[in-house]
Amino acid sequence: MKMYILIKENVPNKLVPVIAAHASLACYKKFEKDSDMETWINSIFKKVVCKVNDIEFENSKTEPKSLILTESALNNEEVCIVFCPRDEYSKQFKYFRMWTPNVEQ
């Protein structure tokens, strides 16, 4: 059982840790009464943070039990989608890249 946190690839590295932290807490608060969330929070509570492009981000909006986060430091742009933990995700999740810092110049 995992919670996926998808962060747009153009988000500056320095903002990603805070966005991911906010995402996991916001997701917990929104879905705390959900049976999947209750199972997850009382187990290992794995989280997967992925970097997605704009198309992947938009396609992910159709997935159930999710929450979209914006970032005030980026003019309230949508930057993250977090999903209530579950055992199975749609096929597209297998192809998302794990988040790694962007190379900054």
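The values are calculated or read from the model by the stated rules, or taken from the named source; none is laboratory data. Worth saying up front: this structure is predicted, and the values here are computed from it rather than measured. Every residue, glycine among them, receives a Cβ derived from its backbone with ideal geometry; neighbour counts consider all protein chains shown.
In this entry, residue 93 passes the filter for residues that are hydrophobic (A, V, I, L, M, F, W, C), surrounded by fewer than 18 Cβ atoms within 10 Å (Cβ to Cβ) and either within 15 Å of residue 2 (Cα to Cα) or within 12 Å of the chain's Cα centre (by Cα) (or both). Contact map, the range 72-95: first residue farther than 14 Å from residue 61 by Cβ, second residue charged (D, E, K, R) and assigned to a helix (DSSP H, G or I), Cβ cut-off under 7 Å, separation 6 or more or different chains; pairs are 84/36; 85/36; 86/36.
For residues that are of a type in the set (S, T, N, Q) and in a strand (DSSP E or B), scanning just the range 50-90, find the one that is surrounded by the fewest Cβ atoms within 10 Å (Cβ to Cβ). Filtering the range 50-90 for residues that are of a type in the set (S, T, N, Q) and in a strand (DSSP E or B), the one surrounded by the fewest Cβ atoms within 10 Å (Cβ to Cβ) comes out as 70. Checking each residue of the range 68-81 against the condition of being at pLDDT 95 or above, touching an Asp or Glu at 6+ places or on another chain (Cβ under 8 Å) and more than 23 Å from residue 14 (Cα to Cα) gives no match.
Considering (1) more than 11 Å from the chain's Cα centre (by Cα); (2) part of a helix (DSSP H, G or I); (3) crowded, with 18+ Cβ neighbours inside 10 Å; (4) not basic (Lys, Arg), the lone condition that residue 11 does not fulfil carries the number (2).
Yes/no matrix, rows are residues, columns are (1) in contact with a strand residue (DSSP E or B) (Cβ under 8 Å, 6 or more places away or on another chain); (2) of a type outside the set (Asp, Glu); (3) surrounded by fewer than 17 Cβ atoms within 10 Å (Cβ to Cβ):
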{"residue": "27", "(1), (2), (3)": "yes, yes, no"}
{"residue": "30", "(1), (2), (3)": "yes, yes, yes"}
{"residue": "38", "(1), (2), (3)": "no, no, yes"}
{"residue": "46", "(1), (2), (3)": "yes, yes, yes"}
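May I ask you to verify whether residue 16 is buried (at least 18 other Cβ atoms within 10 Å of the Cβ) and more than 17 Å from residue 86 (Cβ to Cβ)? For residue 16, the condition - buried (at least 18 other Cβ atoms within 10 Å of the Cβ) and more than 17 Å from residue 86 (Cβ to Cβ) - is met.
Candidates are the residues of the range 35-49 that are touching a helix residue (DSSP H, G or I) at 6+ places or on another chain (Cβ under 7 Å) and in a strand (DSSP E or B); the one that is nearest to residue 14 (Cα to Cα) is 49.
For residue 55, indicate whether it is in contact with a Cys (Cβ under 9 Å, 6 or more places away or on another chain) and either hydroxyl-bearing (Ser, Thr, Tyr) or free of Cβ contacts under 8 Å to residues at least 24 places away in the same chain (or both). Spelling it out, it is not the case that residue 55 is in contact with a Cys (Cβ under 9 Å, 6 or more places away or on another chain) and either hydroxyl-bearing (Ser, Thr, Tyr) or free of Cβ contacts under 8 Å to residues at least 24 places away in the same chain (or both).
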